Amino acid sequence: MLDFFTGHYAYWFTILLLCIGVYGILFKKNLIKKTIGLAILQISVVLYFVAIASKWDATVPVLDPNIPVDQVANYLNPLPHTLMLTAIVVGVATLGVAFTLLISVYNRYETLDEQELIDKIQ
Amino acid sequence: MIESHLPAYIALTFVLFSVLIPALGLWKRNLSQPLAVIGSGIAAVFSLYGFVTYLNGSPIRYFFGGWEAPIGIEFVYDGLSGFFVLVINAVAFFVMIHSGETSRREFPGKEMPYYALAMLMMLGFNGMILTGDLFNLYVFLEIASLSGYALIAIGEKPAPYAAFRYLIIGTAGGTLYLLGVGFLYTITGTLNIIDMTAMLPMLAESNAAVAALILMIVGIGVKAALFPMHGWLPDSYTYAASSSTALIAPIGTKVAAYILFRVILWLFGIELTDAVAPISYIVGVLACLGILYGSIMAIAQNEMKRMLAYSSVSQIGYIIMGLSLANPWGFAGAMLHVLNHAIMKACLFMIAGQLRLKEGHSDISRFNDSYRTKYPWTMASFSVAAISMIGLPPLAGFFSKWYLALGTIDNSNWLFLAVILISSLLNAVYFFRVLEKVYMMDPYKGQTEPKEGAYNESKASMLIPTSILAVSLIVIGFANAIIVGILLDIFPM
């Protein structure tokens with residue numbers, strides 16, 4: 001039982017981050033804080049992908065003359081990591097669009113508090 | 001020669017035009033809209049040609065860079081993706097023609113970025129449909145979503161806030177989908193859909209597979225506006241500019257529904273989906289709740305665009321309901337409804353845009369019977385689309401509901417049948433309300449003579465697309481047997 005907790009500690013941290021992100025999105029009133037929550041949520045999934053590809057006693061996926069190619073177990077799987085490069089770029093682009101929208105919201109309503117905004121729109 | 005490269009050509013057309021429009025639009029601003037029309041027209045012709053070749057031949061698998069499937073990324077042009085690509089590109093072509101006038105009036109000077117973004121969004125949607133790789137699908141999903149947020153933010157004063165809310169909900173949904181893909185990758189070791197379909201039956205009892213399925217349904221359900229996740233939709237569609245709504249409303253939710261079809265019926269297959277818990281039935285019940293909620297909320301709305309937005313929530317429910325039935329009739333009904341609803345919603349939102357240009361508002365309580373003489377053709381198109389939406393024969397909307405009803409009877413699923421019938425009545429309430437305002441005299445004002453307004457019809461560039469879509473609803477209604485025959489062949493079981 002204890003093994004289940006200590007053996008998967010990377011995943012526990014990922015779950016914790018995911019919960020913090022969801023909490024930020026759902027309960028924070030300030031739109032900037034909501035955006036931060038969104039970024040944390042995305043990063044938790046990125047860390048999950050990074051965690052599943054890591055393993056002990058393995059090296060980077062570049063051909064090493066000391067390790068023959070047929071011993072693939074000694075190399076890391078590079079695919080999840082490369083996928084996450086793309087996902088990080090997507091996350092950055094999302095943040096960019098989010099902040100652009102927030103600037104536009106602030107210029108029109110001069111507030112970023114959710115409740116005040118809803119009152120002003122109605 | 002051209003056939004084997006066709007899936008790539010469709011996506012590349014949009015890439016080319018999303019670059020051409022800024023390049024030439026800087027030089028001459030008025031070129032942006034014609035270029036967008038040409039771009040979506042070329043894509044529509046490619047999709048039509050591809051669908052005809054598919055019907056005479058076999059599915060096309062296009063490998064990028066010549067790397068074979070499990071290693072490289074592929075585009076798959078089979079029946080399902082071919083049908084969806086044809087529907088969205090054809091509708092986008094008509095919307096692009098129509099949007100020239102509205103965009104010039106609603107956001108003058110911003111046509112070039114608008115059309116460049118629209119092309120990028122269409123690239124994302126086509127990529128989502130055509131790709132055969134789950135992670136590639138996520139990337140295209142984000143391309144489409146990010147340009148979609150920007151398009152929604154162009155509009156009335158509250159539009160950026162509506163777009164921001166959509167961004168938060170939509171990105172959270174996309175992230176959950178990515179987590180689901182991660183689960184599937186850890187248990188199967190592949191991202192290719194065809195490859196994974198072969199492996200998943202060996203993992204039928206795996207908790208990770210079920211968790212992945214649920215995460216993907218929730219994540220994509222946000223994009224499809226499946227009932228409890230629809231919160232972003234009414235505000236976004238109401239406040240966005242008329243041309244953006246007319247482009248996003250018919251296409252965006254359909255593409256998300258396509259992913260649900262692909263994941264539930266193709267990737268997992270219906271037996272595997274229901275192996276641990278009755279997931280397809282739960283999705284169907286959510287769709288039913290969405291149908292009733294959307295219809296009731298639409299009755300309560302006074303603003304035409306907001307009413308149509310709530311009606312979108314309800315109509316997407318029909319499509320998901322047909323998916324959850326998972327029998328040939330339900331599938332054919334859902335697919336026919338994808339086609340019908342795309343045409344009806346595009347037509348209705350385009351008419352809302354025309355009325356906004358002419359009258360300065362689209363508030364139903366201020367409609368009166370002078371519209372009958374002022375805009376005879378617009379209102380005729382509106383009537384056709386509205387009656388089709390309610391589902392009266394011989395218009396197209398009747399047949400999709402008919403096949404859905406046959407599907408529910410096949411499964412002896414009387415709850416779903418009752419929902420289809422009740423919601424048709426509710427649809428009648430909110431569309432006849434508008435038709436009554438336009439075509440009947442108001443009995444409470446003691447009028448004896450009908451109000452006459454001078455003929456003030458919209459420009460031909462707007463009227464022609466609207467009328468063509470309205471006429472096509474009648475044509476599809478009469479040709480439904482042929483279309484359903486094709487659709488039944490696509491059904492995977």
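Derivation of every value follows stated rules applied to the coordinates shown; laboratory data play no part. None of these values were measured; they are calculated from a predicted model. Cβ sites come from the backbone with ideal geometry, for glycine too, and all protein chains shown count toward neighbours.
A few remarks follow.
- A prolate overall shape is assigned to the protein assembly as shown, the ratio a/c of its alpha-carbon gyration tensor axes (a ≥ b ≥ c) being 1.5 or greater and a/b exceeding b/c.
- A simple spin-label model places pseudo-atoms 7 Å from Cα toward Cβ; at residue A:28 and residue A:72 they are separated by 4.2 nm.
- Under conditions of 25 °C and 0.890 mPa s, chain B yields 108 µm² s⁻¹ as its translational diffusion coefficient, taking Rh as the Kirkwood radius over Cα pairs in the Stokes-Einstein equation.
- Annotation for the range A:49-122 versus the range B:152-204: alpha-carbon center distance of 13 Å.
- Between the beta carbons of residue B:474 and residue B:439, assuming R0 = 25 Å, the FRET efficiency works out to 0.85 to the nearest 0.05.
- Cα-based shape type of the range B:250-319, given that a ≥ b ≥ c are square roots of the gyration tensor eigenvalues and the cut on a/c is 1.5: oblate
- Sequence-distant aspartates and glutamates (8 or more away, or on other chains) whose Cα lies within less than 14 Å of residue A:28: A:113, A:114, A:116
- From phi via Karplus (6.51, -1.76, 1.60), per-residue ³J(HN,Hα) for the range B:193-203 in Hz, x at Gly/Pro: 5, 5, 4, 5, 4, 6, 8, 4, x, 6, 10
- Rounded to 0.05, the FRET efficiency of the residue B:271 and residue B:45 pair, given R0 = 51 Å and the Cβ-Cβ distance, is 0.85.
- Span-like helix check, chain B: qualifying full DSSP H segments, with Cα axial length of 20 Å or more and mean Kyte-Doolittle of 1.0 or more, are B:2-27, B:32-56, B:111-130, B:134-153, B:159-188, B:207-224, B:242-261, B:279-300, B:376-390, B:414-439, B:460-478.
- By average C-beta atoms within 10 angstrom, highest first, the peptides B:357-368, B:305-316: B:305-316, B:357-368
- Note on residue A:119 and residue A:1: their simple-model spin labels are 5.1 nm apart, each label 7 Å out from Cα toward Cβ.
- Within the range B:98-128, backbone nitrogen closer than 20 Å to the virtual label 7 Å beyond the Cα of residue B:26 toward Cβ: B:109-120
- In the elastic network of chain A, a GNM with C-alpha springs shorter than 10 Å, the most mobile of A:89, A:72, A:50 is A:72.
- Each Lys or Arg adds one and each Asp or Glu subtracts one; over the other residues with Cβ under 13 Å from the Cβ of residue B:134, this totals -2.
- Three-way shape call for chain A based on the alpha-carbon gyration tensor, with the a/c threshold at 1.5: oblate
- Of A:111, A:14, A:35, the one that fluctuates the most in a GNM where chain A has Cα springs shorter than 10 Å: A:111
- Placing +1 on the Cβ of every Lys and Arg and -1 on the Cβ of every Asp and Glu, with no other charges, gives the protein assembly as shown a dipole of roughly 1800 debye about its Cα centre.
- From helices alone, chain B scores -25500 deg cm²/dmol at 222 nm; the rule is -39500 (n - 2.57) for each run of n ≥ 4 DSSP H residues, then divide by the residue total.
- Intensity falloff of the range B:121-201 expressed as log10 I(q)/I(0), Debye formula with alpha-carbon point scatterers, at q = 0.12 Å⁻¹: -0.42
- Total formal charge among the other residues, if their Cβ is under 12 angstrom from that of residue B:7, Lys/Arg +1 and Asp/Glu -1: -2
- Those residues of the range B:70-112 whose amide nitrogen sits under 11 Å from the label point placed on residue B:461, 7 Å along Cα→Cβ: B:97-105
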